1. Just give me the residues in segment A:78-115 being touching a residue at least 60 places away in the same chain (Cβ under 8 Å) and assigned to a loop (DSSP other than H, G, I, E, B), in sequence order.
2. Within 14 Å of chain A (Cβ to nearest Cβ) and surrounded by 15 or more Cβ atoms within 10 Å (Cβ to Cβ): is that true of residue B:111 in this structure?
3. Of these, B:71, B:85, B:129, which one is within 14 Å of chain A (Cβ to nearest Cβ) and loosely packed, with under 15 Cβ neighbours inside 10 Å?
4. Cβ-Cβ distance below 8 Å, separation of 6 or more or different chains: which pairs start in segment A:54-69 with a residue that is within 17 Å of residue A:138 (Cβ to Cβ) and end on one that is small (Gly, Ala, Ser) and within 11 Å of ligand 1 (Cβ to nearest atom)?
5. Under the condition of being surrounded by fewer than 21 Cβ atoms within 10 Å (Cβ to Cβ) and over 24 Å from residue A:211 (Cα atoms), which residue from segment A:34-67 is nearest to ligand 3 (Cβ to nearest atom)?
6. Run residue A:140 past the list (1) among the charged types (D, E, K, R); (2) surrounded by fewer than 19 Cβ atoms within 10 Å (Cβ to Cβ); (3) out of contact with any Gly (no Cβ under 8 Å at 6 or more places or on another chain) and report the number of the one that doesn't hold.
7. Can you tell me which residues in segment A:195-246 are more than 18 Å from the chain's Cα centre (by Cα), more than 14 Å from ligand 1 (Cβ to nearest atom) and among the β-branched types (Val, Ile, Thr)?
Amino acid sequence: MYDPRISIIEKRLKKIGKVIAVSSGKGGVGKSLFASALALALTKKGFRTGLFDIDFTSPTTHIVLGAANLSPRESKGLIPPKIYGLKYMSLVFYIGNRSIPLRGADLSNVLVEMLATTLWGNLNFLVIDMPPGMSDLLLDVIKYVSKTHFLIVTTPSKMAFETVRRLMNLLRDLKVPILGVIENMKMDDSNYVEREVKSLGEKFLGEIHFDSGLEKALGDIKSLLKTSFMSEIEEAILAKNPEITS
Amino acid sequence: MHEWSLAEAIISAVFSIVERENLREVKEVHLRLGELQQIEVDILKFALLQMKTGKLSNAKFTVRTARAKFKCRACNHIWTFREMKIPSDIKESIHFIPEVAHAYIKCPECGSPDFDVIQGRGLWITSVKGVK
Ligand SMILES: Nc1ncnc2c1ncn2[C@@H]1O[C@H](COP(=O)(O)OP(=O)(O)OP(=O)(O)O)[C@@H](O)[C@H]1O
Ligand SMILES: [Mg+2]
Ligand SMILES: [Zn+2]
């Protein structure tokens, strides 16, 4: 028995320059927000960019983008809708706001199905919003999306970093490229995370401060682009780490 | 149609089997189709005919459909996709991504949303016959 979907995935991703998986060992650290904002920042810079929300049971990037009412077009595959020039795909287009209880094997199946049928076309970057932790979807992204680079998000908390350390060790064992670590929701000037990241021999990509104006901007891309969260991504992260966009 | 992207996947999978098993020509490809995906067999076959080339040019495709069956994890009740009345827009979502069934279907006995698809989910190549 062969699963025919597997053999087409590579072809579907062929014209994508670089895949960036935004990941963390911990939940709630800002992955979805960062992934959405990064995808918007790359689009704004003129890169052809896609955003793929694979937190299938708890998708949220459509809230950030205000994209819940879009839907993919069908033409020998699924063509992702565009918002602000960004190609966007999420399971939300098929489940709306219903809950979807999925076990590990089901999650893998959703990923494989969507990888096999989504026609991303020609992209410079595909940003993936990962679910938290190190379960099936992380392993499947590594298995099926060979050009994935991991960008890891943490908060200043030792508890968050503890999980990030485990994630980085796993990624290193799997020989997956790690772009580096972002410290999000920074509130003081502690350099604990930066020190720890460097002592692991990985790159500290920079910090993003807690932005109290962010919540109001959710769902409206124009307002989002004006937040300090967004300008920190553009000025403190992308401008200082040209390897992310190379 | 979704049938076309699946047909493309089948053709590409058969080509990799041809390479792996060093086949000169493929005679038969047997497929098993899960009912949950609601593939139009005629469209799938038509798409396969349009796409087969090279060592696959003379291949015959057979398609067998497997009924979709669910089993409740809470009360063990087993039921079929067929016996459910599902609106067509929801059926279409399930057609694209069969797991989406988990957002819409509940056990008809006890109402639990925790069930497994025990048969008839997706599309499989069951065998490829050819000459070496
Ligand atoms: N720098 C920041 N300033 C203010 N609020 C932030 C910041 N970063 C994230 N948030 C808020 O924190 C919450 C969690 O963010 P988000 O949902 O992006 O995290 P996540 O890591 O994707 O969570 P999950 O693990 O559940 O997927 C959101 O309400 C988001 O708006
Ligand atoms: Mg998230
Ligand atoms: Zn039941």
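Every read-out reported here was derived from the displayed coordinates using simple, explicitly stated rules and does not represent laboratory data. Please read all numbers here as calculations on a predicted model, not as lab measurements. Methodologically, a virtual Cβ is constructed for each residue, glycine included, from the backbone with ideal geometry; neighbour enumeration extends over all protein chains shown.
1. Within segment A:78-115, just A:84 meets the criteria.
2. Here the answer is no, as residue B:111 does not meet what is asked.
3. The match here is B:129.
4. Listed by first residue and then by second, the contacts come to A:55/A:32.
5. Ranking the qualifying residues of segment A:34-67, first place goes to A:57.
6. Evaluating residue A:140 over (1) among the charged types (D, E, K, R); (2) surrounded by fewer than 19 Cβ atoms within 10 Å (Cβ to Cβ); (3) out of contact with any Gly (no Cβ under 8 Å at 6 or more places or on another chain) leaves (2) as the failure.
7. A:197
Residues checked against (1) of a type outside the set (Val, Ile, Thr); (2) farther than 16 Å from residue A:114 by Cβ; (3) more than 14 Å from every other protein chain (Cβ to nearest Cβ); (4) away from ligand 2 (no atom under 16 Å from the Cβ):
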position	(1), (2), (3), (4)
A:31	yes, yes, yes, no
A:44	yes, yes, yes, yes
A:48	yes, yes, yes, yes
A:51	yes, no, yes, no
A:56	yes, no, no, no
A:60	no, yes, yes, no
A:65	yes, yes, yes, no
A:86	yes, yes, yes, yes
A:89	yes, no, no, no
